Amino acid sequence: MAAAAVGLSLVTTRLDRWIADQAVREFEWIYAFGPEGARAVLAAIASSMITVAGLTFSITMLTLQLASSQFGHRILRNFMRDRGNQVVLGTFVATFVYCLLILRTVKGTPDSSFVPHLSVAMGVLLAIASLAVLIFFIHHIASTIRIETLLAQLTEEARCTIERLYPEQLNSGTTAQEGRIQREEALHQVAREYCEVRSKLSGYIQMIDDDAIMEQATACDLLLRIEAGPGSFVQKDEVILSVWSAVRGDDVIGAKLQDSIVIGQERTPSQDLDFAVHRIVEIAQRALSPAVNDPTTAIYCLDRVEELLTALAGRKIPGALRYDDEGKLRVVTEVLKLDQFVRKMMAGIARHAIADPDVISRALHVLERIAKRAPPNSRASLKAFADDLAVQHRSRFSL
C-alpha cells in the first residue's frame with residue numbers, strides 16, 4: 001500500500017502539471033490553496049497519520065499481548081495475519097507517505113510557483129478515508145478479540161484442513177486381507193536399491209507436496225516411505241524419506257524430493273490436522289485452569305471440536321499405500337486412526353474438567369454424537385473411552 005501511494009503521488013502530480021492551474025480552480029470541490037496553505041494541509045495530514053499509525057500499532061501490540069496470555073501464543077498467527085488490521089495499518093502509512101511526497105512538490109519561491117491542487121485534494125480524500133478506517137479498526141479489534149470470533153476462525157481453518165487432506169472421493173481403509181496382500185507387494189518391491197533423504201535443517205515439517213512426490217516417484221520408478229509427516233519435528237540430517245529404486249539413487253533425485261517438503265520453525269494448520277484442532281483444545285485447557293476458571297468457554301470449545309470431529313468422522317480415510325495411475329505402489333505413509341485422534345483431542349479437555357459436571361456432560365454428549373458418525377471399527381473404542389470418562393467423573397465427583 002505504501003508502494004501504491006508512491007505511484008499515486010507520481011500520477012496526481014503529473015496530472016497537476018498537465019492540467020492548467022485555472023482549469024483546476026474551476027472545480028468547486030477542489031481546495032484552491034496557495035503554496036503556504038497547501039503545505040500546512042499536507043503537513044497536518046502527514047503528522048496526524050503517523051500519530052494515528054503509532055497509536056494503532058500500540059493497540060495492536062496490546063491486543064496481541066492480551067490474546068497471548070488469554071488464549072495461548074499459538075493463536076497469535078491468526079491475529080498477525082488478520083487482513084483487516086493489515087489494511088488499517090497500510091492505509092495510515094500509505095497516506096503518510098503520499099502526503100510527504102506531495103509536500104516536496106509544492107513550490108512558492110519568487111522564481112517558480114507550483115501548487116498541485118489535485119494532489120492536495122487527493123490527500124484530503126485519503127485523510128477522510130483514514131478516518132473511516134480508524135472507526136472500522138476500533139470495531140474490528142473489539143470483535144476479533146471475542147472468543148466466539150476466534151473460535152469461528154480456528155474452526156474454519158481446521159475444516160479447510162480436513163477437506164484438503166480427506167476429500168470424500170478418496171477410498172476408505174482396506175480390509176485385513178487386502179492390507180496383507182498390499183504389505184506383501186510392498187515387501188516384494190522394496191528388495192531394491194535403498195537410500196535415504198535427510199532433512200537439510202531442523203524444524204517442523206509444514207507441508208509435503210504429495211503431487212510432486214508422486215510425480216517424481218512415477219518418473220524415476222521409486223518406492224517412497226514418508227518417515228515424518230506434517231507437524232513432526234525433525235533435526236538436521238534426520239531421515240524424512242526412505243527411497244527404494246531399481247538403480248542406485250543419485251543426488252538429483254534426492255534434491256528434488258527434499259524440495260517437495262517444506263520445513264519451518266513453527267507448526268502450521270495447512271496439512272497438520274493435529275495442530276489445527278489442538279489450538280481449540282488448548283483454549284479449553286486454559287479456560288479450565290484454576291487461574292481462569294471459565295467452563296463456559298470450554299463448552300464453546302467443545303462445540304467447535306464436535307463440529308470438526310463429526311466432519312472428520314464422515315470422511316473416508318485413505319489407506320497407507322498410494323498407487324500411481326498404472327496401479328504400481330509408489331508411496332507408503334502413516335494413516336490417521338480416527339478413534340485415536342478423537343481420544344487424544346477429547347482427553348486433552350477431559351483431564352482438566354474431570355470434576356466439572358457441565359463440561360464432562362457436554363464432552364460425553366460430543367463423544368456420543370461422534371461415535372454415531374464414525375465407522376464401525378472405531379465405535380467400540382470411542383464408546384469404551386466415553387464409559388471410562390464417565391466412571392472417572394463419577395468417582396471424582398462423589399468425593
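Hey, any hits in the stretch 310-322 for a residue that's of a type outside the set (Val, Ile, Thr), under 29 Å from residue 211 (Cβ atoms) and open to solvent by 50 Å² or more (accessible area, probe 1.4 Å)? Yes: one or more hits.
Are there helices (runs of 4 or more DSSP H) fully within the stretch 333-399 with at least 2 residues that are of a type in the set (Asp, Glu)? List them. Explain how you work it out, then say what you get.
Details: elements: 338-350, 357-373, 376-398.
Passing ranges, in order: 357-373, 376-398.
Just so you know, in the stretch 274-289 the residues that are of a type in the set (A, V, I, L, M) and out of contact with any Lys or Arg (no Cβ under 8 Å at 6 or more places or on another chain) include one that is farthest from residue 153 (Cα to Cα), and it is 288. Could you please let me know if residue 331 is open to solvent by less than 20 Å² (accessible area, probe 1.4 Å), on the phi < 0 side of the Ramachandran plot, touching a Ser or Thr at 6+ places or on another chain (Cβ under 9 Å) and not hydroxyl-bearing (Ser, Thr, Tyr)? No, not satisfied. Residue 334 falls short on exactly one of the conditions (1) more than 30 Å from the chain's Cα centre (by Cα); (2) closer than 23 Å to residue 165 by Cα, and that condition is (1). Considering the stretch 134-169, and only residues there that are assigned to a helix (DSSP H, G or I) and of a type in the set (S, T, N, Q), the residue that is most open to solvent (accessible area, probe 1.4 Å) turns out to be 153. Whether any residue in the stretch 379-399 is under 28 Å from residue 154 (Cβ atoms) and touching a Cys at 6+ places or on another chain (Cβ under 8 Å) is what I want to check. No, there is no match, as no residue in the stretch 379-399 is under 28 Å from residue 154 (Cβ atoms) and touching a Cys at 6+ places or on another chain (Cβ under 8 Å). Look at (1) under 33 Å from the mean Cα position of the chain (by Cα); (2) surrounded by 14 or more Cβ atoms within 10 Å (Cβ to Cβ); (3) more than 30 Å from residue 245 (Cβ to Cβ) and you find that residue 372 fails only one, number (2). Among the candidates 317, 354, 349, 299, the residue that is touching a His at 6+ places or on another chain (Cβ under 8 Å) and touching a residue at least 24 places away in the same chain (Cβ under 8 Å) is uniquely 354.
The values are calculated or read from the model by the stated rules, or taken from the named source; none is laboratory data. Here the structure is a predicted model, which means the values were calculated and not measured. Every residue, glycine among them, receives a Cβ derived from its backbone with ideal geometry; neighbour counts consider all protein chains shown. Just the protein is used for accessible areas: all its heavy atoms, side chains included, with ligands, DNA and RNA removed. Shrake-Rupley method; radii C 1.70, N 1.55, O 1.52, S 1.80 Å.
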